[in-house]
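Have a look at the structure below, then the notes.
The values are calculated or read from the model by the stated rules, or taken from the named source; none is laboratory data. Because the structure is predicted, anything quoted here is derived from the model rather than measured. Cβ placement follows ideal geometry from the backbone for every residue including glycine, while neighbour counts extend to all protein chains displayed. SASA here: full protein model, heavy atoms, side chains in, ligands and nucleic acids out. Shrake-Rupley method; radii C 1.70, N 1.55, O 1.52, S 1.80 Å.
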Amino acid sequence: MSQTVPQPSPIIAAMTDTHSQHHWHCLPSAEVAARLNSGENGLSTADAERRLASCGPNALPLPRLPGFARLFLRQFASPLIYVLLAAMLVSLSVGKLADASFIGLILLLNALIGALQENHAHHSAQALRKLMVSRARVVRDGRISEIDAGLLVPGDLVLLASGDRVPADLRLLDASGLEVDESVLTGESLPVYKDSATLAEATTPVAERANQCFAGSLVSAGRGRGLVIATGLHTEMGKLSLSLEAAEEVKPPLFLRIERFSKKLTIALLCTVAVLAAIELMRQTPPLVIFMTVVALAVSAIPEGLPMALTVVLSIGTRRMVKRNVIVRKLVAVESLGSCTVIAADKTGTLTENRLTASEVVFCDGNGIKIDGGSLPVDEKPLPQGGELLARFARVAALCNEAELHPLDNGQWHSSGDAVDQALLVMAHKVGYTRQQLLQEHPLQVQIHYEPAFGFAATLHGDGERRLVCVKGALEKVLPMCTTMASTAGDVPLDGQRALAQMHKLAQRGARVLALAEGGWHDARAFETEALRDLCLLGLVGMFDPLRPEAAAAVAQCRHAGIHVCMLTGDHPHTALSIARELSLAGSGDGAVTGTELARAEGAGAGAVDALTAGARVYARVSPEQKLTIVQSLQRQGEFVAVTGDGVNDAPALRAAHVGVAMGEQGTEAAKESADLLLTDDNFASVVAGVEEGRIAYQNIRKVIFFLISTGAAEVVLFILTTGFGLPLPLTPVQLLWLNLVTNSVQSIGLALEPGEGDEMRRPPRPPRESLFNPLMLRRVLTSGLVMGGLAFACFSWLLAQGSTVETARNSVLLLMVLFENVQVLNSRSEHHSLLRQSLFNNPVLLLGTLAAQGIHILALYSPLMQRVLGVSPVGAAQWGTLLGVALLQVLAMELLLRLTKAHR
């Protein structure tokens, strides 16, 4: 059915093709704004919606998933599959049509199951990509707001700050110290300085366009504003997207270790099978039977599906983590987080609520004023001014500020920007000042934006014939700029010790303390950091950020799990220790490691740093760059470190850590890109939940490995014993393939879905260098393999001794092996707990899979077709019960091993 497509307006139609018609880097900013029909107030919401309908979303298409047919065919690209194909062809050539058909059926079923699993993993990864939404700060309807970057359209006015990922191609309107890392686009490793006023020639390459920023690049420092000139596939990054699609993903280390382990095990098994084949050949067993048996035994015993099973386990762990507010960016991080021995956590927003309230102002003479600094209620009226000194203080708090606060139509208030700036604006409003009103009286001229390396922010404003300087920051940074301090009696000479004493009093109560200062600016000096002096210290503001209700319990949970929690903050040591004591991270006599002490230790060498960080739990006044020093020091001491971070300068530490955890709500794009995991609620309790899910995932990986290898080992033991004692082959090639299909494919999926055992967070972390195939697993594999293989051999030899035909004996051994593996999958559910104490019903998929495996085999015993193919026949209830009793001896053996293991701990 045809559909009429609405035609866009001439302006929008022109815009959607502007990337090819205009050289934006050649045009002055005013002309760019005119052509885009935009400006200082940005677009209106209605206009933006029209443009979005015409231009489409600002997004690159998701990577194209391979079709199911391609995934299906890819399952045949395996050496073992090639061997099975050869066996099928050999069977056809000698006229064994039933055997050839059965091998073909197994090939098809294995390929179908593998394709379904891989297809599910691909779609899970695709769904997670959709959860990781980038945000952008824009001006719409004259107001700053934060929106999904996918909703940007040409003409939108975008605000950039350090740590932001540039959301679209922009033509800059202004820039202040703006440096952008464009390595993702140009390969240039150094950040590029941007200047909005610089015009370029039409032929200027992308890497040299100083007045443009490009989608995907990262703001390293400074601030800027720019108009969107291209979105989605029309961006420079979009033009490269097709070539990027072909890039292959590197396999994570855990997958590589599993694959190496599988290859070593395969070689060992093939050598064993080759020896068995040689012995059978000397016994004049027909070569065709030997060939088919070797193929079947290799396919059954070699854990070829281990890497895929690992992917399934981690994919399930990923889905479980999403339900607990953790988004996994790298699949292997599911297991890695469960292995961590130290969590280095940010205080603000992770352990606390990031709901700062500026509720107390203290002047340098000791006088103070308490203010209800909470969010503004619907009917809130500004408080009356508290004197000239409070008025000066509130003026600086509102002017030296980058947040937005304005009422909504429904009577509520909307705020955006940094949490500290928002708290200061609310405080100023309650005193009786608004930023908009003050900016009309004191227009902003120059600004030094807050950067962690500076520790302060400053603004220069017009003030009649003179100019006004406003500064806010850490007291240690602001004090050297001041020569006087304000008091109720007027401005007096600065008493730095008195100011520090007031700060310590606030900090000891857990407050985050900022100093505010002001001064005049009379000369023609450049407004730079070095020129800020002769200011007047107005006083201190104490801001309180309450602990998250669940933080203390989460820290206690980590303690029980053997995980050390370190708190990192840029706040004063007294503030940090006050919070740490509430969390039981520090006692009354403990101290904090400060950034100054770290810097001093770094100068003395790595040994001094390690001595300082060993046993430290609280770090205060540390810069984001020093996080990397702390992480590297802990790693040198053998710790497996997880780090939380949200700022652009946290990126090196997030990358260096074994597991980087970024804040999904407040984190910068730089932090998110460097992290392995994202917290959707920025909550420390979610990190702990992720640790628990990681431990469960690692347990399930071990369960699947144990099940696959132990069942294969039992088959090898059975064949070694029968060959060694000169008995006929206990199972035919087709029976071995059937056994492999019934057990491994059906039941191992249920193990991947195992829930937690309940005590994951009461066990210590596993040693970071511990192998998956550790002594415990080796004991369990050897015990179960010898018991199952030995009992199956005893049954086979006893039946032959009793006069049973080889076919009858094989029929019983095949049923016994199926029963053994039904029992073994239940034994695989825990390494630490008795099977007798586990509920059979908390994993219905595993229970149904086990019953299905046994049910399918019983149906085969009664199916005329399968009787001919497998060489089986029905068994009576008494015989089935007897064989079940033999199989249950495996439970006894594993329970005895569990008791012995616990006794020798």
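Distances between every pair of Cα atoms in region 694-746, grouped in 10 Å steps from 0 to the bin holding the largest one, split as 22, 40, 25, 11, 3 percent.
For the peptides 610-618, 485-493, 731-739, what is the packing order when you average, over each peptide's residues, the other Cβ atoms within 10 Å and list the highest mean first? Walk me through the numbers before you get to the answer.
Details: 610-618: 17.1, 485-493: 14.1, 731-739: 24.6.
Listed from highest to lowest mean packing, they are 731-739, 610-618, 485-493.
With helices as the sole contributors, the chain gives -15500 deg cm²/dmol at 222 nm; each DSSP H run of n ≥ 4 counts as -39500 (n - 2.57), and the sum is divided by every residue.
For region 760-905, the share of accessible area belonging to carbon and sulfur comes to 69 percent (1.4 Å probe, ligands and nucleic acids excluded). Secondary structure note: in the chain, about 75% of the DSSP beta bridges are antiparallel.
Quick one: with all protein chains in place, what share of the accessible area of region 524-662 is carbon or sulfur, to the nearest percent (1.4 Å probe)? The value for region 524-662 is 51 percent carbon and sulfur by accessible area.
Report, ordered by chain and residue number, the lysines lying within cross-link reach of Lys323, taken as a straight Cα distance under 27 Å and ignoring same-chain residues fewer than 8 apart. Answer for Lys323, where 27 Å is the Cα cut-off: Lys130, Lys251, Lys347, Lys672, Lys703, listed by chain and number.
The residues of region 699-841 present an accessible area of 34 Å² per residue when probed at 1.4 Å with all protein chains retained.
Roughly how tilted is helix 877-903, in degrees to the nearest 10 and between 0 and 90, from the longest Cα axis of the chain? Computed tilt is about 50 degrees. Shown here for region 509-615: GluC sites (Glu not before Pro) in loop regions (DSSP other than H, G, I, E, B) with at most 12 other Cβ atoms within 10 Å, namely Glu528.
What region 452-566 shows is 42 Å² of accessible area per residue, with the surface traced by a 1.4 Å probe over protein heavy atoms. At a probe radius of 1.4 angstrom, the accessible area of region 149-213 per residue rounds to 37 square angstrom. Among the cysteines of the chain, those with no neighbouring cysteine Cβ under 4.7 Å are Cys26, Cys55, Cys213, Cys271, Cys340, Cys364, Cys482, Cys536, Cys558, Cys566, Cys795.
Restricting to Cα atoms and excluding each atom paired with itself, what does the Kirkwood estimate give for region 694-783 in Å? Working shown, then result.
Numbers: mean 1/r = 0.0652 Å⁻¹.
Evaluated over region 694-783, this radius sits at 15.3 Å.
The label-point distance for Arg143 and Ser873, in a model that sets each label 7 Å from Cα toward Cβ, rounds to 8.5 nm.
Helix 624-636 axis versus longest C-alpha principal axis of the chain: approximately 30°, rounded to the nearest ten. The alpha carbons of region 751-905 stretch over 53, 33, 27 Å along the principal axes, in descending order.
Paramagnetic label reach from Thr529 (point 7 Å along Cα→Cβ; backbone nitrogen cut-off under 20 Å): within region 620-636, residues 621-629. Among the listed pairs Lys239/Lys330; Lys430/Lys477; Lys239/Lys627, those whose Cα-Cα separation exceeds 30 Å are Lys239/Lys627. Mind checking the angle between helix 419-431 and the chain's longest principal axis? C-alpha axes, 0 to 90 degrees, to the nearest 10. Relative to the chain, helix 419-431 is tipped by roughly 40 degrees.
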